[in-house]
Every structure is written in C-alpha cells, then in structure tokens.
Amino acid sequence: MTTTTDAGTINALLNELRTTTNAIAGDEWLSRDLAATPKADIGELGSNGKPLQALDSAGVGFLTPMISFLEEPLNQLKGNPDGVQQGAGEFEKAGQAATALAQDYQGKASSETSDWSGQSAEDYAKTGKELVDGVLSVAETALTNASALIKAGQVVAQVVAEVTRLITEAVGKIVPIMTQAIAAAPATFGQSIAVAIPQCVQIAVECGTQIAAKLGELLASGENLIKLVEGAQAVLKIVKQAMSVIGEQAQGGQAKLPTAASPAR
C-alpha cells in the first residue's frame, strides 16, 4: 500500500480504492468452498425456520434435546436484514453526495478558470484534479463500506441457508431409522430404540462437523473482508493527508481554490 502523502499520488490511491470496492463486489474475499456454496437471499437472515421441528412432526421429538446443538449456529447467525440494508443505504447516500460534490467542484473549477493560461493555469488544473480525486476517494470509501455491509449480510444469509439444508438432510436420515426402531420396539422389548439412538446421534455429530466447517469458512472470509475494509480506511487516511498538503501549498502560494458552495478565481 502507498504510504506517501505526496499530492500527486491521490489518483493512484483513488484507483486503489476502486480496486478494493471491485474486490468486495466480486467476492474475492470469500473462501473457495464458500464461493462455491449456492447463493441465498439476504432475507434468510430473518428466517424463523427450525429444521429440527420435523422430528416432532415425525413422532420422534424425544430426540430433539440430544441433537439440539445443530440449531445453535442458526440462532447465532440470524439477524435483521432490514438493518443491514438500511446501514448500507446510508453509506450509499454518503457516497452519492460526495460524488455529486466532486462533480460540482470540477464543473465550477473548469468554468471559473476557462480564460486562464500559462503555468498558473496548468498548476491550478492539476491541483483541482487532485482535490476532485480526493473527494471522489471519500465517495469511493463510502461505497466500499456499503458494498461490504451488503456482501457480509448476503454471505451470512448464505451460510444460514446452507446450515439449514445440512440439518434438514440429517433429519431426513434420522427419521426413517427411528421410525423403524419404534415399529420394532414391541418385538425387541425396546432394544431397537436403544440401538437406533446412538446411530442418530452419530448422524447429528457428522452434520455438526460439516456445519463447523461452514462456520470456519465464514469466519475466514469475514476476516478477509475486514482486511479489505481496513485497507480502504487506511488509504483514505493517506488521501486526507495529501489533501491537507495541497491546502497548505495553496495557502503558501496565495492560491484561492473554488468550492462547490462559493467559487473563486
């Protein structure tokens, strides 16, 4: 990452921010296995589904306390999808406002200096471009945060759907075993049930291992996403330093830069 505060680096930093935003939008931060997992609507975050309830429907609900650990990750992962979307929306609004400000400044700086010429005009144009890129960097960072929020919510929803699927599949294996065991109980004096329960618990344990792997992938991917967001924040800090340098240079050179609110020449 660039560490200098030279004003001439702002455009490169802006491109770096755009690369980060594209990396987030393109799911480059996801683990390989999670990237291959079917996508899910963010609405899955608010799902109230309880796949173990199928045990009650099948008449083997007495098994639920023995394998209830399967649903614990669902309770931890579920949240409010509206909150995620609203938070992302605020970042998007901020990004759009900053973009509009940069465009307004660019237009005014151009119109106010259209009759300038020589070195002063070239220097002024360069400084104006750097300031525009700086404001656009603020906008890009806001858009990066918006994209990160939405993507994080979507991936958590994806894991919720995947965990639900795994539990449903496990229940689908357990129910026939227990149903047959219950049917054979009178003839075996309950021995069939005693034999079937460990088999069903083992199925649940194997399912739990698969769920743990998915949660591990989610954690690793989340760490990758955080690194990208933190990287964007670090870049923005350098941009702000560079813009401060530009301001100091402009003050020292008696230059007065136009603003979107009150243009000057």
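Key figures
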item: Contacts under 8 angstrom Cβ, first residue in segment 181-192 being in contact (Cβ under 8 Å) with a residue 60 or more places away in the chain and within 15 Å of GLY59 (Cβ to Cβ), partner among the β-branched types (Val, Ile, Thr) and outside any helix (DSSP H, G or I), 6 or more apart; result: ILE182/VAL60
item: Matching residues in segment 166-182 - criterion: being surrounded by fewer than 23 Cβ atoms within 10 Å (Cβ to Cβ) and either over 31 Å from the mean Cα position of the chain (by Cα) or at pLDDT below 95 (or both); result: GLY172, LYS173, VAL175, PRO176, ILE177, MET178, THR179, GLN180, ALA181, ILE182
item: Test: residue in segment 100-113 that is at pLDDT 90 or above, surrounded by fewer than 21 Cβ atoms within 10 Å (Cβ to Cβ) and under 30 Å from LYS39 (Cα atoms); result: no
item: GLY79 being closer than 20 Å to VAL171 by Cβ, in contact (Cβ under 8 Å) with a residue 60 or more places away in the chain and small (Gly, Ala, Ser); result: no
item: Close pairs from segment 211-232: first more than 19 Å from SER137 (Cβ to Cβ), partner polar (S, T, N, Q), Cβ under 6 Å, at least 6 apart; result: GLU217/SER31; ALA220/SER31; SER221/SER31
item: Qualifying residue in segment 150-161 (condition: over 30 Å from GLY26 (Cα atoms) and either part of a helix (DSSP H, G or I) or free of Cβ contacts under 8 Å to residues at least 60 places away in the same chain (or both)); result: no
item: Filter result (part of a helix (DSSP H, G or I), loosely packed, with under 15 Cβ neighbours inside 10 Å and of a type in the set (Asp, Glu)) within segment 40-59; result: ASP56
item: Residues that are over 14 Å from the mean Cα position of the chain (by Cα) and buried (at least 19 other Cβ atoms within 10 Å of the Cβ), drawn from segment 227-244; result: VAL235, LEU236, ILE238, VAL239, ALA242, MET243
item: Residue under evaluation SER221, criteria (1) farther than 30 Å from LEU77 by Cα; (2) at pLDDT 75 or above; (3) touching a helix residue (DSSP H, G or I) at 6+ places or on another chain (Cβ under 7 Å), criterion not met; result: (1)
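Here's the yes/no breakdown for (1) among the hydroxyl-bearing types (Ser, Thr, Tyr); (2) within 30 Å of GLU206 (Cβ to Cβ); (3) at pLDDT below 90:
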{"position": "THR3", "(1), (2), (3)": "yes, no, yes"}
{"position": "GLY8", "(1), (2), (3)": "no, no, yes"}
{"position": "ILE24", "(1), (2), (3)": "no, no, no"}
{"position": "LEU55", "(1), (2), (3)": "no, yes, no"}
{"position": "GLY59", "(1), (2), (3)": "no, yes, no"}
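The values are calculated or read from the model by the stated rules, or taken from the named source; none is laboratory data. What you are looking at is a predicted structure, and each value in this text was computed from that prediction instead of being measured. All Cβ positions, glycine included, derive from the backbone under ideal geometry; neighbour counts span all protein chains shown.
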